[in-house]
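Notes to accompany the following structure.
Read-outs throughout are calculated quantities, based only on the coordinates presented, and are distinct from any laboratory measurement. All figures in this text were calculated on a predicted structure; none of them were measured in a lab. Cβ sites come from the backbone with ideal geometry, for glycine too, and all protein chains shown count toward neighbours.
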Amino acid sequence: MTEKMNKPGQRICVFGDYRNYFQNRVTLQLLARARELAPAIGAEVCAVVFGSQVSEYVCEYIAHGAQTVYVADDPVLKDYCVETYLFLAEHLIRQYRPDIFLIGATDFGREFAPRVAKRLKTGLTADCIGLEINADGLLVQTAPSFGGNLIATIITPEKRPQMATVRPGTFKELPHNDAAAGRIVSIPVPSDLPIPRVRLVHSERKPPREQRIEDAGIVICGGRGMGSRTKFKKLFEMARLMGAEVGATRPVVHSHWADHDCLVGQAGKNIHPRILFSLGVSGAIQHTAAIHDADLIIAINKNPNAAMMKMADVAIVADAGQFCSAMIRELKNRIRE
Amino acid sequence: MMDSPMLKLVVCVKQVPMVSELPWDSKTGTLKRNMAEGMMNPACKHALEAALEIKNSHGAHITTLSMGPPMAEEILRESLAMGADRSILLTDPRMAGADTLITSYTLAHAIAKECPDFDLILCGCQTSDSETAQVGPQLAEELDIPAVAYVKQVEIAGRRVRMQRESDDFLETLEMDMPGLITVSTAGYPPRYVSLCGLQLAFEAGDIVRRSMDDIGLESADVGMQASPTRILDVYSSIARKKNIVLKGTPKKSVETLFDQFGDKLSGVMAKDLKTHDHDRNDDDREDE
Ligand SMILES: Cc1cc2nc3c(=O)[nH]c(=O)nc-3n(C[C@H](O)[C@H](O)[C@H](O)COP(=O)(O)OP(=O)(O)OC[C@H]3O[C@@H](n4cnc5c(N)ncnc54)[C@H](O)[C@@H]3O)c2cc1C
C-alpha cells in the first residue's frame with residue numbers, strides 16, 4: 001500500500017481547466033508556478049487537456065509555459081464530465097506517473113480532484129494559497145482553514161502524485177509567448193470508455209451578471225473616514241481600474257454614500273477577497289467578522305492604532321481620500337492594456 | 001421489487017468549532033480546540049434539511065452519521081430534534097487525525113456495516129473548519145456510487161434523482177439512479193428552526209448508537225493519522241503571521257511602495273499587466289485636496 005508510484009523529479013502535470021477560459025486563468029497561473037518549481041526537482045511541466053476541438057487551448061498552454069501537453073481530443077469529451085475525465089486522468093497518471101498533479105480550485109476542479117486522489121489513493125490538499133518545494137524535494141502546500149483564520153502547511157511524503165487544488169489568483173501567469181515550443185502527446189480515447197452514471201440533462205451559462213462583492217477577488221471597503229459622499233465615489237473609479245468591487249461600513253450606508261448592497265458585515269455581506277483595501281474603517285468586529293480568507297489586507301487610516309490597521313498586512317497612515325486619488329493616478333500609469 | 005419500500009437516507013454531519021469564537025493561544029501559537037464550542041457544520045445542516053424535505057414529500061427513514069469525539073453527540077441529538085430517525089456516532093481515539101482520504105474510507109465502512117441498503121447519501125458540500133469539500137466525493141468513490149457535488153435542489157421520482165446546481169458559471173440539471181450521493185450547498189434548503197423545547201427533548205430522549213473501529217471491522221493500521229497520506233507540517237494563525245508593515249509619508253510615496261512590494265500580487269489578482277518600475281516620471285506630484 002505504501003509503494004511509491006514514482007521517483008521524484010520527472011513531471012509536474014497541470015489540469016487544463018478551460019471551460020471559463022476568459023474569466024478564469026487559473027490553469028495559466030499554475031503553469032507559471034509549475035515552471036518556477038520544476039528546476040528544484042528537475043521536472044518537466046505538462047498540461048493535461050480533455051475535450052473536443054481543444055487545439056486552441058493546447059496552443060495557449062504551450063504559449064504560457066507548458067513543455068508537453070497530453071491531449072485527449074474527441075467528440076465524446078465535448079461536455080465537462082467528472083466521471084469520464086476521472087477515467088482518463090487515472091489512466092494517464094498511471095501511465096506517466098507525474099510527481100505532482102495540480103488542479104485549479106474551480107467548482108469543477110474541487111469536485112474532480114478528490115475523486116482522482118481517491119482512485120490513486122494519494123493525498124490532496126484543497127484550495128491552496130501557496131506551493132513550494134522543500135529541501136527534500138517535496139511539495140509544501142499551504143492551505144487556509146477556519147475561514148482563513150488558520151493556515152496549514154501540508155506535505156504528502158510517500159504517495160504519488162502529490163496533489164493540490166489551487167485557488168485562482170494565487171499565482172501570476174507568464175506572458176503569452178508565441179515562440180514557445182512544446183510537445184503535444186495525443187492520448188487515445190478508449191472505445192470502452194465507461195458510460196457516465198450521472199447524466200447531464202441541461203446546462204446553460206448563467207446570464208453574465210455583475211460581479212458580486214461576495215465573489216470578488218479584490219474588495220475596496222470604505223468607511224466613515226472617507227469623509228464625504230463625493231470622496232467615497234472615488235472608490236468606484238479605483239475599483240473600476242482594478243476590476244474590484246466596493247464595500248462599505250454601516251455608517252456609510254446610513255449616510256447614503258453607498259447602497260445597502262455594499263454593506264459588509266454582520267448585517268450585510270460576507271466577503272472572501274484575495275486582496276482587501278480598507279479605507280477609513282475603524283475595524284469594528286461587526287464589520288471584520290464578515291471578512292474571510294483575505295491573503296493581503298491593506299488598511300489606510302489616519303489613526304495607526306485603529307483595529308483595522310492592526311489586522312492589516314500593510315497599514316498605511318494617510319488620509320483615505322488622498323490615498324485613493326494617488327492610487328487612481330498610479331493605476332492609470334501602470335496598467336498596460 | 002414489489003411496492004416501493006421506504007427510502008433510506010444517510011446524512012453525514014460534522015461538528016465544527018464556532019469560528020467566531022476560535023480560541024487562539026497567541027503565546028504558544030496553537031488552537032485551543034478543546035475550548036472551542038461546537039456546532040453542526042452549516043452545509044451539513046442544509047444537507048439534513050434536504051433529507052427532511054424528501055422525508056416530508058416521499059416518506060423516508062433518515063440516519064445521521066458523524067465521526068468525531070464523544071462531544072459530537074450534541075449535533076447528533078440536534079439532528080434527531082430536527083427530524084432524523086436514527087443517529088450513529090463513530091468515535092474512537094484511534095480514528096483521530098485522519099485526512100479526507102481516510103475519513104471517507106472510514107465513513108464508507110460504517111455505512112456498509114450500519115446501513116448497507118441506503119438509497120441516497122447526503123453530505124454538506126464543505127465544512128467550515130477544514131473547508132476541503134473532499135470527503136463527499138471521496139466517499140462516493142469508495143462506495144463506487146454516482147455522485148454530484150454542490151447540489152442546490154433535488155427531486156426524486158421512482159429510483160431517479162434529478163438535481164440542480166451551479167458550477168463555474170453554469171446552471172446544470174443532472175440525473176442519476178439511486179443509490180447515489182449528493183453534497184448539498186448552502187444555496188438551497190435553509191435549515192428549519194428547532195425550538196429550545198425540542199432540543200431539550202432530544203437531549204433527554206433518543207439513543208445515539210455508538211460505534212468504534214472494531215464494531216465496523218477496521219484495524220488500527222487502516223485509520224487515523226498513520227494511514228493518511230498527507231502530513232500537516234505546521235499550523236499557524238494567519239493574523240499572527242501578518243507582516244503588518246506600517247507605511248507613513250505622503251500617499252504618493254506609500255502607493256509607490258505598495259506597488260514595488262506587492263505589484264506581482266496585485267497584477268495576479270487583477271489579471272492585468274502592470275509596469276513594474278515607474279518612479280522617474282515627473283507628472284504632477286500634487287495630491288488632491
Ligand atoms: C448589531 C450591530 C450590527 C452591526 N452590523 C454592522 C455591519 O454589518 N457592518 C458594519 O460595517 N457595521 C456594523 N455595525 C456597526 C459597527 O459596530 C461599527 O460602528 C461600524 O463598522 C463602524 O464603521 P466605520 O469604521 O466606517 O466608522 P468609524 O468607526 O467611525 O471609523 C472611522 C475610521 O476612519 C478613520 N478616519 C477618519 N478620518 C479619516 C481620514 N480622513 N482618512 C483616513 N481615515 C480616517 C478613523 O480613524 C476611524 O478609524 C453593527 C453594529 C451593531 C451594534
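Odds and ends about this structure:
- Cross-link reach list, aspartates and glutamates versus B:LYS55, counting only Cα pairs under 13 Å and skipping chain neighbours closer than eight places: B:ASP85, B:ASP119, B:GLU155
- Helical runs assigned H by DSSP (4 residues or longer) give chain A a calculated mean residue ellipticity at 222 nm of -8500 deg cm²/dmol, each run adding -39500 (n - 2.57) before division by the residue total.
- Each eigenvalue of the Cα gyration tensor of the range A:3-186, multiplied by 5 and square-rooted, gives one semi-axis; in descending order these are 23, 18, 17 Å.
- Gap separating the Cα centres of the range A:31-91 and the range A:287-337, nearest whole Å: 38
- Cα principal axis extents for the range A:146-264, largest first, Å: 66, 40, 40
- Between amide H atoms placed 1.01 Å from N, distances below 5 Å from A:GLU44 occur with A:ARG11, A:ILE12, all of them 5 or more places distant or on a separate chain.
- What the Cα convex hull of the range B:138-188 gives, in volume per residue, is 70 Å³.
- Flagged links, alpha-carbon separation over 25 Å, of A:LYS233/B:LYS152; A:LYS78/A:LYS159; A:LYS206/A:LYS231; A:LYS233/B:LYS243; B:LYS14/B:LYS265; A:LYS234/A:LYS269: A:LYS233/B:LYS152; A:LYS78/A:LYS159; A:LYS206/A:LYS231; A:LYS233/B:LYS243; B:LYS14/B:LYS265
- Global form of the range B:78-217, assessed from the alpha-carbon gyration tensor, a/c cut-off 1.5: oblate
- Among A:226-233, A:12-19, the peptide with the highest mean count of other Cβ atoms within 10 Å heads the list, and the full ranking is A:12-19, A:226-233.
- Shape index of chain A: Rg/Rh, with Rg the Cα radius of gyration and Rh the Kirkwood radius from the inverse mean 1/r over Cα pairs, equals 1.03.
- Comparing mean-square fluctuations of B:SER237, B:SER220, B:SER66 from a GNM of chain B with C-alpha springs under 10 Å, the top value falls on B:SER237.
- Per residue of A:168-177, other chain Cβ atoms within 10 Å of the residue Cβ number 3 on average.
- Ranking of B:ILE216, A:ILE100 by count of other Cβ atoms within 10 Å, fewest first: B:ILE216, A:ILE100
- Computed label-point distance, nm, for sites A:GLU132 and B:ARG162 using a 7 Å Cα→Cβ extension: 5.2
- Stokes-Einstein D in µm²/s, Kirkwood radius over Cα pairs - the range A:257-337 at 25 °C with 0.890 mPa s viscosity: 181
- Mean ellipticity per residue at 222 nm, deg cm²/dmol - from DSSP H runs of n ≥ 4 across chain B, formula -39500 (n - 2.57): -9000 deg cm²/dmol
- For A:ASP127, the residues 5 or more places off, or on other chains, whose built amide H falls under 5 Å of its own are A:THR165, A:VAL166.
- Across chain B, Cα-Cα pairs more than 34 Å apart make up 35 percent of the total.
- Gyration tensor (alpha-carbon) shape descriptor, the range A:91-137, a/c threshold 1.5: oblate
- Legend: mean number of C-beta atoms from other chains within 10 angstrom of residue C-beta atoms, peptide A:306-312, equals 2.
- Along each principal axis, taking the top coordinate minus the bottom one, the Cα set of the range B:162-242 gives 43, 40, 39 Å in descending order.
- Sorted fewest first by neighbouring Cβ atoms within 10 angstrom, B:ILE88, A:ILE133 come out as A:ILE133, B:ILE88.
- Three principal axis extents of the range A:145-206 based on alpha-carbon atoms, in descending order, are 46, 40, 39 Å.
- Part-to-part distance (alpha-carbon centres) for the range B:43-74 and the range B:204-255, which is given in Å: 24
- Between helix B:251-270 and chain B there is an angle of about 40 degrees, using the helix long axis and the longest principal axis of the Cα atoms.
- Order of A:THR153, B:THR183 under a 10 Å beta carbon neighbour criterion, fewest first: A:THR153, B:THR183
- When Rg and the Kirkwood Rh are both derived from Cα coordinates, the Rg/Rh ratio for the protein assembly as shown amounts to 0.97.
- Helix A:320-334 axis, angle to chain A major axis (alpha carbon atoms, nearest 10°): 40
- With Cα atoms, 0 to 90° folded angle of helix A:82-96 axis to chain A main axis: 60
- Here's how it looks for A:GLY247: its modeled amide H is under 5 Å from those of A:ILE220, A:CYS221, A:GLY222, which are all 5 or more places away or on a different chain.
- Number of partner chain Cβ atoms within 10 Å, mean per residue of B:139-148: 3
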